[in-house]
Amino acid sequence: MVHLMNIQDTSHFDLNNLPNGFHENPFEFYSKLRQTEPIKFLPDNSVLITSWTDLNEIYRDTANFKSDKKISFGEKFGDTPLFEHHTTSLVFNDPPLHSRVRKIMTGAMNPKAVALMEPGLEKLIDDLLNKMEDEVNLIEKFAMKIPVEVIGNLFNIPHSQRGPLRDWSLAILGALEPSPTKSQLSKGNTAVLEFKDFLKDITDERRTNPGNSDTDVLTRMIEAEESNLSETELLQNCIFILNAGHETTTNLIGNALWALSHYPTAKKKLINSPEMLDSAIDEFLRFLSPNQFGNRETATEVILGGVKIPKYTNLHLCIGAANRDPLQFEQPEKLIIDRSPNRHLAFAGGIHHCVGFSLAKMEARIAIGKFLKKFPKYKLISKPIWSKRIRFRGLTHLNARLES
């Protein structure tokens, strides 16, 4: 549901009742909120936070701002598979569970393991580019196909069994929207159950036939399970890993191709100076953050930015707004591919800094670099369609004509 609202007046802004035009360009609303009410109480008594400084403080203060969402998720999901998943996964937990799971994941995604993926990733992207037709939806035929294969390879899941992974992921993550519909909740709960059964079969088989723990994340998780994880923690955190890279990496690649098509000077600069790819990836992450929102809960009454916030308040951390904060970034509304410094929060911060950040950046670097080399003159041929989700910023359709 949307309602009309003067963009200059955000006094009635509500994540549960978004204004008309928000999905197409939320950044205008974020800018006004950041100027007028950087800490905004919403009608449901949750709080929307839009400044970089406040988000950075929250990410680093784990005593006063908790990731544990059992209270708010209990109200939102009830006693359901979604509740079990989201309250067991790494991202919505604090130490000690967070520490145990993160240590395992960090070890599994070490630099050696990530580097070993690069040759296979290059071949995958070359194959995708070589098979493309002259006119194509770059999301469906390119951006979304890359993380499905990469994550499937991380877990050594047979190609024949990867079909449902993306749909399960989208259904589970879709339930994290501020106001999920009954249909979204139903699909999310079904997806958790099916995903859990799917992984149970695979983990049982992997216990009998373990892979190389240096490169097989699932084998590494299973080996750690005996002393560190219950079976539920194992399965739910495997789901989390499989989910985490799907939509965000798809969005990163798709958003970058959209941005370059709208900023031809930046596109030309990047084509002529491919050594700028690393800094360009960070700028795409800042400019169109694939993950627009994080969440925390106050563990006690706090004063943030001079505003008193009660204990157990649900906080919406608007990464998309913070990453365009003019107090942190010069010309924040401009895409500057060699921006430095670039302290964006696209991968969150503190102890919750994204475990898979190096893998995501490698996927984007290779995908965008190879795409621009093969199709430097690509042009959009229809109006792009942005997803109606607000937690994640990405496109469902980015139709282009491919020209060398």
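From the list 151, 139, which residue is touching a Ser or Thr at 6+ places or on another chain (Cβ under 8 Å), under 30 Å from residue 369 (Cβ atoms) and surrounded by 22 or more Cβ atoms within 10 Å (Cβ to Cβ)?
Result: 139 is the single residue among 151, 139 that is touching a Ser or Thr at 6+ places or on another chain (Cβ under 8 Å), under 30 Å from residue 369 (Cβ atoms) and surrounded by 22 or more Cβ atoms within 10 Å (Cβ to Cβ).
Which of the helices (runs of 4 or more DSSP H) found entirely inside segment 224-298 contain at least 3 residues meeting this: in contact with a Pro (Cβ under 7 Å, 6 or more places away or on another chain)?
231-262
Is there a residue in segment 342-365 that is surrounded by fewer than 16 Cβ atoms within 10 Å (Cβ to Cβ), out of contact with any Lys or Arg (no Cβ under 9 Å at 6 or more places or on another chain), hydrophobic (A, V, I, L, M, F, W, C) and under 30 Å from residue 69 (Cα atoms)?
Looking through segment 342-365, at least one residue is surrounded by fewer than 16 Cβ atoms within 10 Å (Cβ to Cβ), out of contact with any Lys or Arg (no Cβ under 9 Å at 6 or more places or on another chain), hydrophobic (A, V, I, L, M, F, W, C) and under 30 Å from residue 69 (Cα atoms).
Of everything in segment 287-308, what is among the hydroxyl-bearing types (Ser, Thr, Tyr) and surrounded by fewer than 20 Cβ atoms within 10 Å (Cβ to Cβ)? Give them in sequence order.
Passing the criteria: 298, 300.
Restricting to segment 16-28, count the residues that are touching a strand residue (DSSP E or B) at 6+ places or on another chain (Cβ under 9 Å) and under 12 Å from residue 321 (Cβ atoms).
Within segment 16-28, residues that are touching a strand residue (DSSP E or B) at 6+ places or on another chain (Cβ under 9 Å) and under 12 Å from residue 321 (Cβ atoms) number 1.
Looking at segment 195-212, is at least one residue within 22 Å of the chain's Cα centre (by Cα) and within 26 Å of residue 398 (Cβ to Cβ)?
No, every residue in segment 195-212 fails to be within 22 Å of the chain's Cα centre (by Cα) and within 26 Å of residue 398 (Cβ to Cβ).
The numbers here are math on the coordinates, done by the rules we state, and not lab data. If you're wondering where the values come from, they're calculated on a predicted model, not measured in any experiment. For neighbour counting, all protein chains shown are included, and Cβ atoms are generated from backbone atoms with ideal geometry for every residue, glycine included.
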